[in-house]
Amino acid sequence: MGTADHRHSGRESQGWLRGAPPPRWVRVLPPALLVAVCTAELLSRYPLDIGFLLGAIPSLAVLSYGPVATAVFGAVVIVFLYVPPLQLNHPGNTDLLTITFVAILSVAISLVRSRRDAHLVTVRTVAEAAQLAVLPPLPERVGPVRCTTFYRAAQRETLVGGDFFDVRAGPYGVRAVMGDVQGHGLSAVSTVASLLGAFRETVLDQGDLKSAAARLDRRLVVDSARTAHAELFATALLLEFSADADEVRVTSCGHPHPFLLRDGKAVELVLEPGAPLGLGFFDISPPQICTVPLERGDRLFLGSDGVSEARDATGAFYPLAERLTTLAQVRSADLTDRLWEDLLRFCTAVRDDVTMLVLTPSARGERG
């Protein structure tokens, strides 16, 4: 049972107007129009007076061809205007100058577009590398825990938003975190990076979950103090599996509760959450630790509020517990995909980051 690590740019096509390669039909338009006009003139007994359509060919070529190909289309159009059998109206000087000007302008635009596209590719590659460094794909297995993840940032063209997650093995066992920071998109990336860095340190040097949560809270409080009126805060859910994966300890700092998938049912683990991180209330309202015994075949589903608080057109919340029970027999690698498809049918306009994490504890020698 492997990971299913999905990200926004991977799951959904960007669209060719947003920088993706143009579809095939766009590339076919210039030669198709050229052939269509010439064929119509050759088959007609009388001049059709449609030679002006050839002037659009260089402009269409700009959408999908480079400057050299665009120049070739422009030259071909000018030559075809003077081929006698085509009877393309024998254009006068004004028509010829107009079409020549359009062709030259199209070449210039194509040159600018090609350079812009090359720059965008470079920028996108660097951005993806930086974002993936902040939130890298999880391995298939971390110690005795198998991991399946789904992540979709709310802001278009980004890989990282306000949600974050990680699963790490350390001297105190396998720990997992899922959280949601204030805000969405690139403005939240620095906070996500800071909290993930703090979590990875706690895996190594904090002996219990409450201390780990306190470290995350302190990290966010310190970051907020650097900026006036920053008002940074985050919710988080932390889990710690025992060495033989027969129990899990869970604590919540204002994050939606996890679900235990057992015997074809989805049971919400009701916790006593503490205050969200970064508000300065950790000592006043610390999170409580809940210990849950695990059986063979159990799975834990963690979801962000982009799932649990999604609404349909009438304002009704997405029935997560009901849908998880319906899909409880689906293997983990497909569960997140099926749930995402169902969420889109329920709420076609998803405006929040959506994160799903399925954790399957098993003995180390068990094959998954």
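The figures follow:
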quantity: Phi-based couplings in Hz for the stretch 135-145 (Karplus 6.51, -1.76, 1.60; Gly and Pro marked x); calculated: 10, x, x, 6, x, 4, 9, 10, x, x, 10
quantity: Cα gyration tensor shape of the stretch 228-368, rounded if a/c is under 1.5, else prolate or oblate by comparing a/b with b/c; calculated: oblate
quantity: Protection proxy ranking of 202-212, 315-325 - average other beta-carbon atoms within 10 Å, highest first; calculated: 202-212, 315-325
quantity: Long-range amide H partners of Val142 with built H, under 5 Å; calculated: Cys147
quantity: Net lengthening on full extension, Glu322/His119 (0.36 nm per residue, minus Cα-Cα); calculated: 68.4 nm
quantity: 5 angstrom amide H check on Glu247, placed H, neighbours 5+ away; calculated: Ser242, Leu294
quantity: Global geometry of the stretch 135-361, whether rounded, prolate or oblate, following the gyration tensor of its Cα atoms and the 1.5 cut on a/c; calculated: oblate
quantity: Distance in nm between pseudo-label sites at Ile50 and Thr314 (7 Å out along the Cβ direction from Cα); calculated: 5.3
quantity: Highest average packing first - 251-262, 330-341, 24-35, Cβ atoms within 10 Å; calculated: 251-262, 330-341, 24-35
quantity: Which of Leu105, Leu343 has the fewest Cβ neighbours within 10 Å, and the rest in rising order; calculated: Leu105, Leu343
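We did not get these values from a lab; they are worked out from the coordinates using the rules stated. Since this is a predicted model, take the numbers as computed values, not measurements. Don't worry about glycine lacking a Cβ; one is built from the backbone with ideal geometry, like all the others, and counts go over all protein chains shown.
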